[in-house]
Amino acid sequence: MTIVDIAKEAGYSVSTVSRVLNGRRDVSQETREKIMGIVEARQFVPNNNAKHLKQTVSQSILILVKGTSNMLFTNLIEAVQETVGDSDYTIRVHYLDENSNEVLEALRMCREHKPLGILFLGNNDEYFMKEFGQVHVPCVLVTGKGDELGFSNLSSVSTDDVAAAEKAVDYLFEHGHRHIGVIGGDMKMSTPSRHRKMGCKKSFEKYGYTFEEKYYATARFSYDSAYQAMNRLLEQKLPVTAVFAMSDVMAIGAVRAILDAGLRVPEDISIIGFDGTQLSDYYNPKIVTIRQGYEQIARRSVEILLSMIDLNQQAVHELVPFELKNTESVVMK
């Protein structure tokens, strides 16, 4: 019997059970009585030696964030902080350039600050394959897939980027578009961008087309960079009628470039984004987007990391469902 078993039987989160066992007051009496009833019935005894050891070292969880303009990451950080707020841990958020080596930075932060665990927001698989073996604390890739990397201390919670991107481009094909531009990250630096491009190509092949590289414009995950990327597509005089942008931020930067060029969205060029941030709901027009379930991604990432830290659980890899939302920025061709 472990704290995870207690949580499952009681119907509460691991962090809630932890708060009850640690005598925290921010739990309702009803919840406390239910959990303690199960604890007593199962004769569960917490590992006080492990608890004492944990209390003598850093109680922090490190969040390594690649880039400063990704609105999805902002939403995820807020959701993570809300979830961790129910535990005895503190959060340290550290930002790096989106082209930085996040694994080398994790090694440096481990030496200097000794976090109990790390959440990675943004990743490049090549860096993990080269250097992650030197990281010895529990870690979770948040929005990145880690199952194929094969590290026992690396879990992951993500959307299926390949399938989600395929669905996005399918939506454009279903609306009659055949000349589709793509704005996405650097293939050498961003694993999610590589996966989303794979999804694009799968959609093109499904509809009997070959994706041409001249229709791909590389950008950072920022408004300005996407604005410049869209301008490059327009300057080529390509017959683009729709654009798939690999983030909502990129989509909005692209829309601005289209409007500044004297064209209309969606009448002249339709656009679809990725992430499902609130920004897509309040932009005019509302951006059609792939919504990642960031609340569930954040919650499960924290729960898995705490289970690895507190209970020495093995790595797990989960996919969270996605959905296509909004209708205003794409029209029939």
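The values are calculated or read from the model by the stated rules, or taken from the named source; none is laboratory data. Predicted model, so just to flag it, every value in this text is computed and none were measured. Cβ: placed from backbone, ideal geometry, glycine included. Neighbour counts: every protein chain shown. For the accessible areas, the whole protein counts, side chains as well, though only heavy atoms, and no ligand, DNA or RNA atoms are used. Shrake-Rupley method; radii C 1.70, N 1.55, O 1.52, S 1.80 Å.
Suppose each label sits 7 Å from its Cα in the direction of the beta carbon; what would the Val4-Arg178 distance come out to in nanometres?
5.2 nm
Just want the answer: with Cβ charges of +1 for Lys and Arg and -1 for Asp and Glu, which residue in Ser193, Thr210, Ile252 is farthest toward the dipole's positive end in the stretch 175-254?
Highest projection toward the positive end goes to Thr210.
How many percent of the accessible area of the chain is carbon or sulfur, using a 1.4 Å probe?
Details: 7170 of 15080 Å².
So the carbon and sulfur contribution to the accessible surface is 48 percent.
Using mean Cβ contacts within 10 Å as the protection proxy, how do 263-275, 239-251 order, highest first?
Working: 263-275: 22.3, 239-251: 26.5.
Ranking the peptides 263-275, 239-251 by packing returns 239-251, 263-275.
To the nearest 0.05, how large is the calculated FRET efficiency for Asp88 and Lys237 if R₀ is 51 Å and r is the Cβ-Cβ distance?
After rounding to 0.05, the efficiency reads 0.30.
Express the accessible area of the chain per residue in Å², computed with a 1.4 Å probe while the remaining protein chains stay in the model.
Using a 1.4 Å probe on heavy atoms only, each residue of the chain averages 45 Å².
Assign unit charges at the C-beta atoms only (+1 for Lys and Arg, -1 for Asp and Glu), then state the dipole size of the stretch 72-134 relative to its Cα centre in Debye, rounded to the nearest 20.
Dipole about the Cα centre, nearest 20: 300 debye.
Considering the convex hull of the alpha carbon atoms of the stretch 179-235, report its projected area averaged over all viewing directions, in nm², one decimal. The partial results should precede the final answer.
On the way: hull surface 15.5 nm².
The Cα convex hull of the stretch 179-235, projected and averaged over all directions, gives 3.9 nm².
So for the chain, considering every pair of alpha-carbon atoms, how many percent are separated by more than 34 Å? Could the numbers behind the result be given before it?
On the way: 17512 of 55278 pairs.
Tail fraction, whole percent: 32.
Which log10 I(q)/I(0) values does the stretch 217-272 give at q = 0.14 Å⁻¹ under the Debye formula, counting every alpha carbon as one identical point scatterer?
-0.28
Which of the pairs Lys66/Lys333; Lys237/Lys325; Lys214/Lys333; Lys114/Lys188 have their Cα atoms more than 25 Å apart in this structure? It would help to have the intermediate numbers written out before the result.
On the way: Lys66/Lys333 37 Å; Lys237/Lys325 30 Å; Lys214/Lys333 21 Å; Lys114/Lys188 30 Å.
Listed pairs above 25 Å: Lys66/Lys333; Lys237/Lys325; Lys114/Lys188.
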